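Visitor: Structure in structure tokens, see below.
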Amino acid sequence: MRLPAFDYYSPTSIENAIQIKNEFGGSAVILAGGTDLIVNLKNRVIAPSVVISLKNLRELRKIDLAGDSLVIGAGASLSQVACNENVQRHFPILVDAIKHIGAPSIQRHRGSIGGNLCLNPRCLFYNQSFFWRKGKGSCLRTGGKTCLALEKAESCQAICSADTAPVIVALSGQLTIVGRAGSRSCSAQEFFTGKGETPFNLGPDEILTEIRIPIPWAPISSSYKRLSYRSAIDFPVINAACVATFEQEKIFRFRLVVSAAGPAPITLKDLESTFIGREPSQELFSEAEQAAVRAVEGIVVDNSIASKQYRVKMAGVMARRVTQSALTASRR
Amino acid sequence: MANPDYHLIGKSLPRIDSAPKVSGEALFTGDLNLPRMLVGKILRSPYTHALIKTIDISKAKALKGVHAVITGQDTAGEKWGVFKYTRDQQLLCVDKVRYVGDEVAAVAAVDEETADEALDLISVEYEELPGVFDCFSAIAPGAPVIHDSHPRNINVAVKIEVGDVEEAFKKCSIIREDTFAADEDSYFMMEPYAVVANYRSDGSIEIWMPNASPHTKAKALSNALRIPLTKVIARKITIGGAFGGRSDVFPAEFITCLLSIKSKRPVKVVYTREENSIATRMGHAMTTTIKTGVDKEGRVLARDIVSYLDGGAYSSTGPIATSVPFLCHEQTYRLENVRFHGYRIYTNKPVRGMIRIHGRSFACGIDTQLDMIAQELGIDPITIRLKNARRPGETTATGSYVSSCGLVECIEKTAAKSDFINKFNNKKPFHGIGIGINSVQTGFPLGIRGGSQALIKFHEDGGATVISGVVDNGQGNDNMLVQIAAEELGIPVEEIRLISADTEITPTDAGSYSMISTFGGGNAVKRAAADARRQIFEIASELLEADPEDLVAKDKKIFVRGAPHAGIPMEKIIRKSLLIGRPIMGTGSFSPEVDQRREWVSNPRGQLSQAFSFGATVAEVEVDPETGTVKAHNVTCAQDCGFALNPMVVEGQFQGGVAMGGQGGMLTEAHHWSQGHVLNPTMLEYKIPIIKDMPNIETIIVESIDPVGPYGAKEAGMSIAMSAAQAYANAIGNALGIYFNRFPLTPERIFDAIENRKSGIETAWDLEPARVIEFDK
Amino acid sequence: MKKLLITMTVNDEQFDLMVRPNETLTETLRERLGLTGVKEGCAEGVCGACAVLMDQHPVRACLTLSMEADGTSITTIEGLASDGKLHHLQESFINHGAVQCGFCTPGMIMVSKALLDEKPSPTDDEIKEALSGNLCRCTGYKKILEAVRSTTQIDPKKGA
């Protein structure tokens, strides 16, 4: 399978990159590791005229402690992040999520953390060859008027399939985005728009440059789990991340995020207040499960190898399991 | 088992084809590069069912760099079919397309970009027709008809009836009827399909492609291209796996040849992974309804089976595919009264062929139902199988004599090694153990017409070249032939060259399907080597002044038994043979004794195959009841392969069989659909197993020493692949106390069955049964 | 789309190549340099047959633009043997019967080499983890695991 024609730039500074991005706008795409982008190019689901490689932007690959945050350059490779001492010490949940991505020989060295966060949401009717899509007609994301997965859908229902997405959201990550107008900060939560056509809160002139994760003042308990049909080379059927802190034996802060359900990770907001002050119990874990099922029910559609009904139920199971595992694990 | 009489046979020698494969030197079809070679590309139907109104190729033809554009107009409507009565696939569609992927036009251009652009420039006007996508809707009255010649879309109907089924049911103490279904599966051999064709000025054409029978391909191409068979030359090439998926003839071969003829240049077509899935073959989806009656002891007295096979748009190996699940079953189990109705039904989906675990719903249905009956009777799965298992010296229901059979030994050894009875009786929650047994043929009557021949010539340094038509798809046939020749001739493996699977040079062979290669091709080479050895001994006996009967060939020397020190070097004998004008040339031929009157539809009786292999697999699994995911821990498999010519190679076949049949075939491998469009044509969403998910595998080689197979060998691995699927299904059922009847057992299916658990000994889901179809006369 | 100059070291030999920006490393290695040991099984990064080493790390050639390989050192299966002698991993794959159809073999060996270079004595689980991105349809993986495992006992000082 040949790639479509495009022009190639490899800027040596972020400013330069923004300049090129600004010049070509939506018809320019960012190439980090390429493990997602190249496949999408081959399938012609995107047809940019310009590809901007980040390979010369060393500054995007730094991982540093800055004040009360860990700052991870968006271009840092997944193996670099997983092997980083500070990441391992403060956020083992992120290491865990990275271990689930694709397979070591595919993503670990080429794939980047920013690339994983910006993984194009997936859909069985979209992630197909140009030939395949010709037979089915265009969908909302490829210029058509209907969603092939859900007839009445108003926007694309593709699935956020990144392993790191629920984890960065659960860790209250802040993303630094640089554009023509300068730099801005956006919470990981807000970064995901929930619309498959324009899944990320990123302007045509903007580039994701760093991920800042606040280092908690107290030891955190966390857990990431995903369900998939194969233990590698597979996107999650559903995944979930839970992060909590305790005061004495009681929950002080709690965040549960379920993903691979719809176009954005889903934070179970209600639980963040109702779980405060409570102690871990089977009852509490079941509440997490029920809350997750309720939250994803209107979101999951039939657009993956696994059926809608199954994914909804598994969202509950994964939510319960990460909650239980996080709340009963030894704290860091 | 090491046999002291053999010095090379029965030993785990490294395969001769490994070294070029580990170094990157081995050339597969896609690696070939001929001077002035063009890139060929095929335009396919994007629709499931449509009439072709017009095709305009003028713009494509005018594009710079395009050397040929062809459509159905260039083919005279030529059709392909495995049998004369199943010729239904136009090599390029003329008037109608019947599935997404049907070949409509093709181009040859200087490079891939130009070829792609040319395809875009071909405009085809279609008139879309309603399609049918499953067996039940396809046979319903008023359903769209895919081939006008076949009302109700019934492509093949096979009926077999032996004994008095109705009478026998009356004598049964337990009768059950259950329905089992399975989705389509696929080969996913690692090498995507590719063809290189090179038309030459003398009117001959050379062709390279992954194939299971160069001679069959050449014959079909000769007919379709109207070029004499002598001038159609299928060449040898390294092949990246077949599993049944390279047996048939595909339009791409014909198209590539036509492009080469038109452009007068070599042309290469390489399929994308998606094309490999939709436009070669895939496995049939299938529904099977099985009614079984047993006596108090669990002996099967009567069986009545109806199968619907979703055949896709064309016949392919239809009559064979429809019959083989039943035939494997009648080889495995003793049956005196049995009836089988098999229907292969056309749908607007990709064409289906034979696959390594052909007929999952049939095989797994039989073994699941047997476990249900055993539970009703209060006996264990091993006992009920031993009561019904085939023994040597018996005859199958349709009349095949089984001369060698180690099925009982396979069952007993896997049961013992896995501690089956103990684990079955002392079950841990959500852990399960299950057994499956099966049998396959070594050669079908049609495939083996003409059998296999071999030649052996010698070099003045005492080395030899074996010439055989047998093709190697990756299973190790090349090595098998050389190892046999080396044994017979007493020449080291390294000093034997092999020329194989080249129709210009090599004599005919049945092809590497229906598990015939060792039995047929191996025997032919063995006979050719024995013939050469006889000639060598004649000359040696004069030099050694000894009786040829007393001579031994070993280590490239001929000597009188017991006196290796006084041996004559092979090269001396070869030179001598040239000097005296009696050059040595070994010839050998083998054609299995089968009933040539047997026919799949019109006469399904008589000796089907000269030998049969038998296998048993035990799987031990653990199920996560909250998600339905399965972890297979241990698999123990035993096969009666007759005799293991090379145990390392045989084990490899067993292990691969467990991966494809059990781990993939029963847990994850299925195609998903949206109105005839396959949703997972590539390797990401069609989930073949990975190393991390594989269980620990124990292999047991059982050797029944077949009286006719070379050194007693039959075939290796196929009955493991099939029984592994059955074992996994039963093990998962055992873990949960549920009898599953839809395959494969994906996590969501298992989860669904747990959530909607039925009471009593019932199958998990109520499926529409397959019933006998009454034809309007 | 104009061609651009890159410099790559491939199997210890330096090449200056004019490549199209949209050219993948698979195309450059196979079509320009004739290194057909780099196999293309899926073209979408799943099968692992095109795995090569880029600065010692395994990468999918089918997912890598050749432009991204500018200035790097690439090793393919053809570059593993030295002085006409196969690498001990290659020998081990042969002797353990880890090769059947052979299409996945180059990728399997390259990924195994990267693992062993980094970790000379990996556990079985580490071998499986490393090879979890390489599909094989023939072997059931058992003999591949045995082949890699057996090389871990070789003393690197003594070589093979």
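Visitor: How much FRET efficiency would the formula 1/(1 + (r/R0)^6) give for residue B:53 and residue A:290, where r is the Cβ-Cβ distance and R0 is 51 Å, rounded to 0.05?
Guide: With a Förster radius of 51 Å, E is 0.35.
Visitor: How much of the accessible area of the protein assembly as shown, in percent, comes from carbon and sulfur atoms when a 1.4 Å probe is used?
Guide: 49 percent
Visitor: On to the next question. Quick one: if you stick a label point 7 Å off each Cα along the C-beta vector at residue A:270 and residue B:83, how many nm between them?
Guide: Once both label points are built, they end up 6.3 nm from each other.
Visitor: Using r as the Cβ-Cβ distance of residue A:64 and residue B:12, and R0 as 60 Å, what FRET efficiency do you calculate, to the nearest 0.05?
Guide: The formula returns an efficiency of 0.60 here.
Visitor: So the label point goes 7 Å from the Cα of residue A:154 along Cα→C-beta, right? Which residues of the stretch A:278-311 then have their backbone N under 15 Å from it?
Guide: From the stretch A:278-311, the list is A:299.
Visitor: Run the numbers for residue B:542 and residue B:63: contour at 0.36 nm per residue of separation, minus the present Cα-Cα distance, in nm.
Guide: Length gained between residue B:542 and residue B:63: 165.2 nm.
Visitor: How about the stretch B:262-328: which trypsin sites (Lys or Arg not before Pro) there are in a DSSP loop, with at most 10 other Cβ atoms within 10 Å of their Cβ?
Guide: In loop regions of the stretch B:262-328 (DSSP not H, G, I, E or B), the sparsely surrounded trypsin sites (Lys or Arg not before Pro) are B:296.
Visitor: Please give the contour-minus-distance gain from residue B:170 to residue B:534: 0.36 nm per residue of separation, less the Cα-Cα distance, rounded to one decimal in nm.
Guide: Working: separation 364, 0.36 × 364 = 131.04 nm, distance 6.07 nm.
Stretched fully, the residue B:170-residue B:534 segment lengthens by 125.0 nm.
Visitor: Of the beta bridges DSSP finds with both residues in the stretch B:449-590, what % are antiparallel, to the nearest 5?
Guide: Given both bridge residues lie in the stretch B:449-590, the antiparallel proportion sits at roughly 75 percent.
Visitor: My understanding is that a pair violates if its Cα-Cα distance is over 25 Å; which of B:64/B:264; B:61/C:39; A:269/B:687; B:428/C:142; A:195/A:313; A:99/A:195 do that in this structure? Intermediate values should be presented prior to the final figure.
Guide: Numbers: B:64/B:264 17 Å; B:61/C:39 32 Å; A:269/B:687 35 Å; B:428/C:142 27 Å; A:195/A:313 23 Å; A:99/A:195 27 Å.
Pairs exceeding 25 Å: B:61/C:39; A:269/B:687; B:428/C:142; A:99/A:195.
Visitor: Might you tell me the accessible area per residue for the stretch A:99-194, computed with a 1.4 Å probe and given in Å²? Spell out each step's value before the answer.
Guide: Working: 3450 Å² over 96 residues.
Ligands and nucleic acids excluded, the result is 36 Å² per residue.
Visitor: Taking the Cα centre as origin and putting +1 on Lys and Arg beta-carbons and -1 on Asp and Glu beta-carbons, what dipole magnitude results for the protein assembly as shown, to the nearest 20 debye? Show your work: numbers first, answer last.
Guide: Numbers: 138 positive and 146 negative charges, 199 e Å.
Dipole about the Cα centre, nearest 20: 960 debye.
Visitor: Can I ask one more? Between residue B:127 and residue B:762, take the C-beta separation as r, use R0 = 60 Å, and let me know the FRET efficiency to the nearest 0.05.
Guide: 0.80
Visitor: Report the label-to-label distance for residue A:86 and residue B:554 in nanometres (one decimal), using points 7 Å from each Cα along the Cα→Cβ vector.
Guide: 7.3 nm
Visitor: Counting alpha carbon pairs within less than 8 Å and at least 6 residues apart, what relative contact order, in whole percent, applies to the stretch B:449-590?
Guide: Taking the mean separation of contacting Cα pairs over the length of the stretch B:449-590, I get 33 percent.
Visitor: Further, regarding this structure: Considering only protein heavy atoms, what per residue accessible area in square angstrom results for the stretch A:220-328 with a 1.4 angstrom probe? Before the final figure, lay out each step's value.
Guide: On the way: 3770 Å² over 109 residues.
On a per-residue basis, 35 Å².
Visitor: Also, I was wondering about something else. Among A:232, A:188, A:260, which one shows the highest mean-square fluctuation when chain A is modelled as a Gaussian network with alpha-carbon springs under 10 Å?
Guide: Its mean-square fluctuation being the largest, the pick is A:232.
Visitor: Moving to a separate point now. Counting other C-beta atoms within 10 Å, and keeping those with at most 13, which DSSP coil GluC sites (Glu not before Pro) do you find in the stretch A:183-285?
Guide: Here the sparse-neighbourhood loop sites are A:249.
Visitor: Where in the stretch B:486-507 does the amide nitrogen come within less than 20 Å of the point 7 Å from the Cα of residue B:575, taken along Cα to Cβ?
Guide: Hits in the stretch B:486-507 for residue B:575 at 20 Å: B:491-492, B:495-496.
Visitor: A further question follows. Mind checking how much accessible area B and C bury in total, 1.4 Å probe, in Å² rounded to 100?
Guide: Numbers: alone 28560 and 8710 Å², together 33560 Å².
Buried surface at the B/C interface: approximately 3700 Å².
Visitor: OK, next. Mind giving me the nanometre distance, one decimal, between the label points for residue B:631 and residue C:15, set 7 Å out from Cα along Cα→Cβ?
Guide: Between residue B:631 and residue C:15, the simple spin-label model gives 4.5 nm.
Visitor: Give the residue list of trypsin sites (Lys or Arg not before Pro) in the stretch B:86-182 that are DSSP loop and have at most 15 other beta-carbon atoms within 10 angstrom.
Guide: Counting only loop positions with at most 15 other Cβ atoms within 10 Å, the trypsin sites (Lys or Arg not before Pro) in the stretch B:86-182 are B:87, B:171.
Visitor: Peptide C:63-72: average number of partner chain Cβ atoms within 10 Å per residue?
Guide: Rounded to a whole number, the mean comes out at 5.
Visitor: Please report the buried accessible area for the interface of A with B, total over both chains, probe 1.4 Å, in Å² to the nearest 100. Walk me through the numbers on the way to the answer.
Guide: Details: alone 15230 and 28560 Å², together 40730 Å².
That pair of chains buries around 3100 Å² in total.
Visitor: What 222 nm value per residue comes from the helices of chain B, counting each DSSP H run with n ≥ 4 as -39,500 (n - 2.57) and dividing by all residues, nearest 500 deg cm²/dmol? Mind dumping the intermediate values first?
Guide: Values: 19 runs with 206 residues, N = 777.
It lands at -8000 deg cm²/dmol.
Visitor: Can you pull out the buried accessible area for chains C and A, both sides counted, probe 1.4 Å, rounded to the nearest 100 Å²?
Guide: Buried: approximately 2500 Å² between A and C.
Visitor: Additional query: In Å², and per residue, what accessible area does the stretch B:1-130 have when probed at 1.4 Å with the other protein chains present?
Guide: 44 Å²
The values are calculated or read from the model by the stated rules, or taken from the named source; none is laboratory data. Not measured: the values here are computed from a predicted model. Backbone-built Cβ (ideal geometry, glycine too); neighbour counts: all protein chains shown. The accessibility values were calculated without ligands, DNA or RNA, using every heavy atom of the protein model including side chains. Shrake-Rupley method; radii C 1.70, N 1.55, O 1.52, S 1.80 Å.
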